[in-house]
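Peer 1: This is the structure I want to talk about, given as structure tokens.
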Amino acid sequence: MTDTVQRALTQGRALLVEAGIPTPDLDARWLMAAILGMPPDRVILHLPDPLDDAQAFAFRNALLARVEGRPLSHILGGRWFYGRWFRVTADVLDPRPDTETLVDLALSAPFERVLDLGTGSGCILLSLLAESGTSTGLGVDVSDAALEVASENQIALDLQARAELIQSDWYSAVEGRFDLIVSNPPYISEAAYADLDRGVRDYEPRLALTPGGDGLAPYRVIAADAARFLTPSGRLLVEIGFDQGQAVAAIFAASGLEDVRVHPDINNKDRVVSASAPAAN
Ligand code: GLN
């Protein structure tokens, strides 16, 4: 019996349900879309179509990779973030929809020059530049392998002229001043890291997820030198874990940053802390 898209999807979904994958419909449809070479929302128009042997084989392999816990983005080679496709590999944090809250807040006021500390795939920096006309930016990461992925994304989005990517341990190689500094640093505590989903721990870089200890060390480093790299009244925005709002706000205030605020994400969990450099710097 020839396989149809519909039959393969039904079987694929059942396999993912059995493996306890949290979003089996979406995952099966996205994998099928990649194999058919079409956007996920078009798969529904092709349900009665036959699947040839090579396609059925490829779909089966993709499903088995997902059953093993490989992230969808690694199987597909990337994912959508803030309306754009980003290449994602095991060398970078898988961009999460939560981080779009940080991008929204950053875009709520104008900026000319942005610094992204720990840029990973480049998803924050490149989204900000693509959304904001003529601004320019610097993305830094301690990982050369991550910078290679960010560079591929920069080229795919045609932002070579507006973004620079360099290897730096936080501010160590950064020069100049910025009217916006953003960061989604590793912030998971040592204890919470042990409780993460196996798929996250096995396939995403530990370096991007946890700094060890209480998870707050990067915020201390970022806050300590922020005023030195911000223009007067320049803004600092960082992503945080849902229970870190008070602690990060306290670190920022103690470093002399002003107008410190904690912002919720779309699920009403604390997700971003913002602050400004003093007006006379
Ligand atoms: N800035 C990147 C992101 O938000 C990487 C963050 C990280 O590796 N901690 O996806």
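The values are calculated or read from the model by the stated rules, or taken from the named source; none is laboratory data. What you see is a predicted model; the values in this text were computed from it and never measured. Positions of Cβ are backbone-derived with ideal geometry, glycine not excepted, and every protein chain shown enters the neighbour counts. These accessible areas exclude ligands, DNA and RNA; they are computed on the full protein's heavy atoms, side chains included. Shrake-Rupley method; radii C 1.70, N 1.55, O 1.52, S 1.80 Å.
Peer 1: Name every residue in the range 100-140 that is touching a Pro at 6+ places or on another chain (Cβ under 6 Å) and over 20 Å from D158 (Cα atoms), in order of residue number.
Peer 2: G118
Peer 1: Still on this structure: Give me the strands (runs of 3 or more DSSP E) completely within the range 33-130, filtered to those with at least 2 residues that are on the phi < 0 side of the Ramachandran plot and free of Cβ contacts under 8 Å to residues at least 60 places away in the same chain, ordered by residue number. Walk me through how you get there before you give the answer.
Peer 2: Numbers: elements: 78-81, 84-87, 113-117.
In the range 33-130, 78-81 are the strands (runs of 3 or more DSSP E) which contain 2 or more residues that are on the phi < 0 side of the Ramachandran plot and free of Cβ contacts under 8 Å to residues at least 60 places away in the same chain.
Peer 1: Could you run through the range 152-211 and say how many residues are open to solvent by 40 Å² or more (accessible area, probe 1.4 Å), within 13 Å of the ligand (Cβ to nearest atom) and in a helix (DSSP H, G or I)?
Peer 2: So the answer is 2.
Peer 1: Is at least one residue of the range 34-53 closer than 17 Å to R13 by Cα, open to solvent by 40 Å² or more (accessible area, probe 1.4 Å) and within 22 Å of the chain's Cα centre (by Cα)?
Peer 2: yes
Peer 1: If I filter the range 83-94 for residues that are open to solvent by 30 Å² or more (accessible area, probe 1.4 Å), under 20 Å from T231 (Cα atoms) and either in contact with a helix residue (DSSP H, G or I) (Cβ under 9 Å, 6 or more places away or on another chain) or of a type outside the set (A, V, I, L, M) (or both), do I get at least one hit?
Peer 2: Within the range 83-94, none of the residues are open to solvent by 30 Å² or more (accessible area, probe 1.4 Å), under 20 Å from T231 (Cα atoms) and either in contact with a helix residue (DSSP H, G or I) (Cβ under 9 Å, 6 or more places away or on another chain) or of a type outside the set (A, V, I, L, M) (or both).
Peer 1: Still on this structure, please answer the following. Could you say whether any residue in the range 230-246 is under 22 Å from the mean Cα position of the chain (by Cα), over 20 Å from L93 (Cβ atoms) and either in a helix (DSSP H, G or I) or of a type in the set (D, E, K, R) (or both)?
Peer 2: yes
Peer 1: Looking at V103, is it β-branched (V, I, T), within 13 Å of the ligand (Cβ to nearest atom) and open to solvent by 20 Å² or more (accessible area, probe 1.4 Å)?
Peer 2: Values: β-branched (V, I, T): yes; within 13 Å of the ligand (Cβ to nearest atom): yes; open to solvent by 20 Å² or more (accessible area, probe 1.4 Å): no.
No, not satisfied.
Peer 1: State the number of residues belonging to the range 218-270 that are open to solvent by 40 Å² or more (accessible area, probe 1.4 Å) and within 18 Å of T119 (Cβ to Cβ).
Peer 2: Adding up the residues that qualify gives 3.
The rows are residues; the columns are (1) farther than 21 Å from S168 by Cα; (2) among the charged types (D, E, K, R).
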residue	(1), (2)
D52	yes, yes
R66	yes, yes
P95	no, no
D116	no, yes
V140	no, no
D144	no, yes
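Quick grid of which residues meet (1) touching a Pro at 6+ places or on another chain (Cβ under 9 Å); (2) of a type outside the set (A, V, I, L, M); (3) at pLDDT 95 or above:
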site	(1), (2), (3)
P218	yes, yes, yes
A226	no, no, yes
P232	yes, yes, yes
R235	no, yes, yes
V238	yes, no, yes
G241	no, yes, yes
Q246	no, yes, yes
A250	no, no, yes
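Peer 1: Quick one: which residue in G137, G133, G122 is among the small types (G, A, S), in contact with a helix residue (DSSP H, G or I) (Cβ under 8 Å, 6 or more places away or on another chain) and farther than 18 Å from G234 by Cβ? Outline the logic, then answer.
Peer 2: Values: G137 fails: farther than 18 Å from G234 by Cβ; G133 fails: in contact with a helix residue (DSSP H, G or I) (Cβ under 8 Å, 6 or more places away or on another chain).
None of the other options fit; the residue is G122.
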